[in-house]
1. In region 34-53, what residues are at pLDDT below 80, outside any helix (DSSP H, G or I) and either more than 25 Å from the chain's Cα centre (by Cα) or surrounded by 15 or more Cβ atoms within 10 Å (Cβ to Cβ) (or both)?
2. Confirm whether residue 180 is closer than 30 Å to residue 49 by Cα, free of Cβ contacts under 8 Å to residues at least 40 places away in the same chain and either in contact with a strand residue (DSSP E or B) (Cβ under 9 Å, 6 or more places away or on another chain) or away from the ligand (no atom under 16 Å from the Cβ) (or both).
3. Scan region 192-220 residue by residue and report those that are within 16 Å of the ligand (Cβ to nearest atom), farther than 27 Å from residue 157 by Cα and in contact (Cβ under 8 Å) with a residue 24 or more places away in the chain.
4. List every residue pair whose Cβ atoms sit under 6 Å apart, with the two residues 6 or more apart in sequence or on different chains, where the first one lies in region 157-171 and is under 24 Å from residue 239 (Cα atoms) and outside any loop (DSSP other than H, G, I, E, B) and the second, anywhere, is within 16 Å of the ligand (Cβ to nearest atom) and at pLDDT 70 or above.
5. Just to be sure before I move on: is residue 195 touching a helix residue (DSSP H, G or I) at 6+ places or on another chain (Cβ under 7 Å) and outside any helix (DSSP H, G or I) in the structure I sent?
Ligand SMILES: [Zn+2]
């Protein structure tokens, strides 16, 4: 964690070297492990998700104003004007990186120690979001989702930014919230239901966190199945988010069946990539689920 902090600070020759070597044209948060990299870098990438949760920025130099063009690339046009109305800070110093767990804002080994040994719910929850084979962009999206840091309407309203508040998914639109988009809304229910129906044994969830935990805690002795129970919820959430964004930004509502097919496609691709040669793959979700389950039986038979 200490290495990651110094790497992100970029105040040493070593940090500059690592940045140039591993993410010359990439934000460090999107850096990945490719073959042939050093052990130090592997260890750093392994801890980056935890470390980044505790790195904040104290903004000082606003640069005199907002970059309207870049803003309009990331938020809807109707918000740009409102954001432009907020005066950015204009202190005469650089933005600085802050280590949130310490009072001084400086990194300390003691605080890192407490974070790493923290056994509480939230660190367990966050630790579920890093999974080999799952694209990092999806892990980072999940990190923001579980931390309620996505720009959905109920959050933006609290920040004083107003836009259309109706959800994309219901006949009688509701207030858009994270739990609604990802768990209790009509589209979310249909999509979770499609995948859960094949597995069976799921009860209703009223919050996204409850939904995720009900997947992650499903007991199973088949390691492929455990992998699937961790992977699939992230893919469902990621595709629900894309479905919501294509409605909000492009006015296009994708049919639920199409989104389910996209989720299945992502799932099959990741399984093929990771376990190629280990198992055949079904052409649809019930088929794939049956084969992943069967993998357990085959391997146990061989062991006996
Ligand atoms: Zn809805």
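1. Answer for region 34-53, where residues must be at pLDDT below 80, outside any helix (DSSP H, G or I) and either more than 25 Å from the chain's Cα centre (by Cα) or surrounded by 15 or more Cβ atoms within 10 Å (Cβ to Cβ) (or both): 36, 37.
2. no
3. 192
4. Listed by first residue and then by second, the contacts come to 166/173.
5. no
The values are calculated or read from the model by the stated rules, or taken from the named source; none is laboratory data. All values derive from a computational prediction rather than experimental measurement. For neighbour counting, all protein chains shown are included, and Cβ atoms are generated from backbone atoms with ideal geometry for every residue, glycine included.
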